[in-house]
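Asks: This is the structure, below, for whatever I ask next.
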Amino acid sequence: VQLQASGGGLVQAGNSLRLSCAASGRAFTVYSAGWFRQAPGKEREFVAALSYRDRRTYYSNSVKGRFTISRDNAKITAFLEMNSLSPEDTAVYYCAASPYANDLTAARRYDYWGRGTLVTVSS
């Protein structure tokens, strides 16, 4: 599975962005999708995930209620809708694919990673 994240950019605080993660093959439909981010000088952290089996979603506390993860299996693409963005959300965002259906908050659960897309939120 090859993944390509897109949709990043520069946005003012309070605004929204939608990230996309396009997969290379239909095998992605039996992988759970996840988003992680890495801010300058910080470690990569979990953002959101969506189980391929039961569509259960997982969110970090810092984005819960503001971000929404979804997927379109027909387009073999996952999305991250980000609302009410703040400068603290500035980071490189990575999408990832996991063969597991649960416990999706740990990076070690993911086998495939896309190149990141930079999100910059200005105050």
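Asks: Would you say Thr105 is open to solvent by 50 Å² or more (accessible area, probe 1.4 Å) and under 14 Å from the mean Cα position of the chain (by Cα)? I'd like the intermediate steps shown before the answer.
Replies: Numbers: open to solvent by 50 Å² or more (accessible area, probe 1.4 Å): yes; under 14 Å from the mean Cα position of the chain (by Cα): yes.
For Thr105, the condition - open to solvent by 50 Å² or more (accessible area, probe 1.4 Å) and under 14 Å from the mean Cα position of the chain (by Cα) - is met.
Asks: Residues that are touching a Leu at 6+ places or on another chain (Cβ under 8 Å) and buried (at least 18 other Cβ atoms within 10 Å of the Cβ): which strands (runs of 3 or more DSSP E) entirely in segment 1-80 hold 3 or more of them?
Replies: Where strands (runs of 3 or more DSSP E) fall fully within segment 1-80 and carry at least 3 residues being touching a Leu at 6+ places or on another chain (Cβ under 8 Å) and buried (at least 18 other Cβ atoms within 10 Å of the Cβ), they are 17-23, 32-38, 45-50, 67-72.
Asks: Between a residue in segment 44-61 that is under 16 Å from Tyr100 (Cα atoms) and any residue that is open to solvent by 100 Å² or more (accessible area, probe 1.4 Å), which pairs come within a Cβ distance under 8 Å, given they are 6 or more apart or on different chains?
Replies: Leu50/Arg56
Asks: Looking at Val92, Val119, can you tell me which residue is part of a strand (DSSP E or B), open to solvent by less than 30 Å² (accessible area, probe 1.4 Å) and touching a residue at least 40 places away in the same chain (Cβ under 8 Å)? Please lay out each step first, then the result.
Replies: On the way: Val92 fails: open to solvent by less than 30 Å² (accessible area, probe 1.4 Å).
Exactly one residue qualifies, and that residue is Val119.
The values are calculated or read from the model by the stated rules, or taken from the named source; none is laboratory data. Since this is a predicted model, take the numbers as computed values, not measurements. FYI the Cβ positions are ideal-geometry reconstructions off the backbone, even for glycines, and counts take in every protein chain you see. To get the accessible areas, we keep the full protein, side chains included, count just its heavy atoms, and leave off ligands, DNA and RNA. Shrake-Rupley method; radii C 1.70, N 1.55, O 1.52, S 1.80 Å.
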